[in-house]
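Okay, so here's the structure we're looking at.
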Amino acid sequence: EPPDTPKDFSCQTQDMKRVTCTWIEGETYLYGHNLPRYTLSETSSQKTALCKASCSKQCSCSWDIGQQRIWNVTLTVENPLGKKTATDVFDVKHRMYPTAPLQVWEDSTDTEITLHWNYEKSGIELFWQTEVLLPDGKVELHNSSNVDSRHKRVTVRGLQPYTEYTARVRCGAAKHFWRWSEWSQPLTIRTKEGTPSGKLDIWREITPVLGGRNVTLFWKKTPSFQANGKIISYEVTWEKLEDGSKPESISFSSVYNSTRIFIDNHSYRISVIAKNSVNFSLPSVLIISGAPDNSRSIFSTEELKEGQVTSTDDGILISWEPRSIYDSYVIDWCNYPRLQPCDLQWKRFGPSTSRAVISSAAFVPGVRYKFCVYGSVANKASLLEKKIGYLRELPPRLDPIVRKIDLTYNSVTLSWDSYLTNESEPGFIRGFHVYVSPIQGKCNLKGSKKHIISADLELCKYTIENPGEKRYTVEHLTPNTKYKIAVKAFTGGGEKTPIDGFMYIDTPYNCNSLWTLELQMLIITLIS
């Protein structure tokens, strides 16, 4: 085929000394001495063969420009089947394609990075663009045109302390911008440490002991807390409020997030601070009231009953009655209530919140979790409500033990022990099911519901929705008949399966019916 007009033909310079023209070579399906031949000529001066073209993925051709600034370059491509041309008219100063900055280095403070680099003189005023890759993956671009001509540098401000950034620099002509240079090699920089900002989130667990109380303190970092460096230690300080005695303090390595201290029965102010190599954070404060006044609620703790809560797809739903006197609320719980230590956790909520869904990767079905809701004001917390609940209830492990059976010719009364509903139960006992069936035939007792286990087994089912019930009477039985009977406890997760542990009973004859029959026989005999 004859050659196509050269595509993307353009010329540019990187140093105002030499011009390079580039274009994309078309396919002619000719080879050897029939390959296309390229010639660059300058129209105004009638200069031909400005340079020798070379082609691989892209064709290019370069020549020295001397003092000439305005160029009218014609590219001619020809083979035995034809010839095509392309023209580019340009001012060299308008076609500046700078080289990439070299030897980039940096210095930094806790909130600034200054990039330095070397650059060969080109005689063209340049402006610079700095790209900063942030930790969250976002990119910031900073433009600068007033870079010191002798010492190339630019300063990026407003950064986070002790944070890793990746930066690189490129440049372009300040006047008659043509295109950006290539980026410099990226430079990974960590800003220096700064003073920690924000406060730690702290909480406590109080255990009365002889002569005072053991206070277990816990602390954790919150989204608003910025370490701004590497935390090297935590410092816990406690002081008595009444007599102004000298504070006591103790420091811990950064690997710790809890400690236990002993205090007497007076009121105390406890604070925790974090320390890096630069400074301390602001103190987080808790006020522990004196023991006589240290009721955790306006009621005594004995009067606080544990309310049952329900679960959702996202966790366990806790709700409470808000009080206007508190500026925040705290819910605490144990991730592993059957272990010691139980991994105490807590979460804070604003004054307008009255419900929350508590979730944890440690929550598992069949485990009862306890939640305490506190109201907090002026760093002093008071227990308001107690809650218990499950991520998901499971069936009971055991069934009630029937201790007594009272039979009549048409009823049976079952009595069982009180069902123990302790913390180890996999669900809240909601009530009981009583199952009855004659040994022969199907069950069809009045007041019952059919419970079909299989095609050959059908039971009568009675539901007792009172978990405190210990006695139940099944009526409308048939005299002189064998029955099997079972009692099952159920929770929100159902009942233990399969239905087993049946007891077998025989209803007696109906004595009144037997006496009536005998009297009738006697009368018939006398008449006869």
*Please indicate, with yes or no, whether at least one residue in the range 217-231 is in contact (Cβ under 8 Å) with a residue 24 or more places away in the chain, under 27 Å from the mean Cα position of the chain (by Cα), under 20 Å from ALA291 (Cβ atoms) and not assigned by the TED database to the domain that holds ASP332.*
yes
When the range 1-17 is checked residue by residue, the ones that are surrounded by 13 or more Cβ atoms within 10 Å (Cβ to Cβ) and either part of a loop (DSSP other than H, G, I, E, B) or in contact with a Ser or Thr (Cβ under 6 Å, 6 or more places away or on another chain) (or both) are PRO2, PRO3, ASP4, PRO6, GLN14, ASP15, MET16
query: Before we move on, is SER277 open to solvent by less than 30 Å² (accessible area, probe 1.4 Å) and not in a strand (DSSP E or B)?
result: no
Note on ASP107: of the conditions (1) free of Cβ contacts under 8 Å to residues at least 12 places away in the same chain; (2) over 30 Å from PRO196 (Cβ atoms), unmet is (2)
Residues in the range 316-347 that are open to solvent by less than 10 Å² (accessible area, probe 1.4 Å) and among the aliphatic types (A, V, I, L, M) total 4
Of the listed residues (LYS404, LYS387), the one being touching a residue at least 40 places away in the same chain (Cβ under 8 Å) and assigned to a strand (DSSP E or B) is LYS387
Of THR111, THR39, THR99, the only residue that is more than 30 Å from VAL156 (Cβ to Cβ) and either open to solvent by less than 30 Å² (accessible area, probe 1.4 Å) or of a type in the set (Val, Ile, Thr) (or both) is THR39
Among residues of the range 228-247 being more than 29 Å from GLY158 (Cβ to Cβ) and assigned to a loop (DSSP other than H, G, I, E, B), the residue most open to solvent (accessible area, probe 1.4 Å) is LYS246
In the range 248-264, anything outside any strand (DSSP E or B), open to solvent by 70 Å² or more (accessible area, probe 1.4 Å) and of a type in the set (S, T, N, Q) is listed as ASN257
Scanning the range 170-191 for residues that are assigned to a loop (DSSP other than H, G, I, E, B) and touching a strand residue (DSSP E or B) at 6+ places or on another chain (Cβ under 6 Å), the one nearest to ASN279 (Cα to Cα) turns out to be THR191
HIS94 - would you say it is touching a strand residue (DSSP E or B) at 6+ places or on another chain (Cβ under 6 Å) and either touching a residue at least 12 places away in the same chain (Cβ under 8 Å) or more than 14 Å from PHE177 (Cα to Cα) (or both)?
no
Note on the range 472-499: residues of a type in the set (Ser, Thr, Tyr) and open to solvent by 30 Å² or more (accessible area, probe 1.4 Å) are TYR472, THR473, THR478, THR481, THR497
So, first residue closer than 13 Å to LEU477 by Cβ and in a loop (DSSP other than H, G, I, E, B) in the range 431-449, second residue open to solvent by less than 20 Å² (accessible area, probe 1.4 Å) and of a type in the set (Gly, Ala, Ser), Cβ within less than 8 Å, six or more apart or across chains; the pairs are CYS443/SER437
Per the filter on the range 213-227, residues surrounded by 16 or more Cβ atoms within 10 Å (Cβ to Cβ) and either in a loop (DSSP other than H, G, I, E, B) or touching a helix residue (DSSP H, G or I) at 6+ places or on another chain (Cβ under 9 Å) (or both) are ARG213, LYS221, PHE225, ALA227
Practice item. Output yes when any residue across the range 51-58 is assigned to a loop (DSSP other than H, G, I, E, B) and loosely packed, with under 11 Cβ neighbours inside 10 Å, and no when none is. Key: yes
Per the filter on the range 348-364, residues closer than 16 Å to VAL309 by Cα and either outside the structural domain of SER311 (by the TED database) or open to solvent by 50 Å² or more (accessible area, probe 1.4 Å) (or both) are ARG355, VAL357, SER359, VAL364
For the range 177-212, the count of residues that are aliphatic (A, V, I, L, M) and either open to solvent by less than 20 Å² (accessible area, probe 1.4 Å) or closer than 27 Å to THR130 by Cα (or both) equals 4
Counting only residues in the range 114-123 that are outside any strand (DSSP E or B) and open to solvent by 30 Å² or more (accessible area, probe 1.4 Å), the one farthest from THR39 (Cα to Cα) is identified as TYR119
Among (1) open to solvent by less than 80 Å² (accessible area, probe 1.4 Å); (2) assigned to a loop (DSSP other than H, G, I, E, B); (3) at negative phi, THR85 falls short only on (2)
Conditions (1) of a type in the set (A, V, I, L, M, F, W, C); (2) at pLDDT 85 or above; (3) surrounded by 17 or more Cβ atoms within 10 Å (Cβ to Cβ) -> LEU134 fails only (3)
Pairing a residue in the range 326-351 that is free of Cβ contacts under 8 Å to residues at least 12 places away in the same chain with any residue that is of a type outside the set (A, V, I, L, M) and outside any strand (DSSP E or B), where Cβ atoms lie under 9 Å and the two sit 6 or more apart in sequence or on different chains, gives CYS342/ASN335; CYS342/TYR336
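The values are calculated or read from the model by the stated rules, or taken from the named source; none is laboratory data. Here the structure is a predicted model, which means the values were calculated and not measured. As a convention, Cβ positions derive from the backbone with ideal geometry for all residues, glycine included, and neighbour counts pool all protein chains shown. Note: accessible area is taken over every heavy atom of the protein model, side chains too, but ligands, DNA and RNA are not part of it. Shrake-Rupley method; radii C 1.70, N 1.55, O 1.52, S 1.80 Å.
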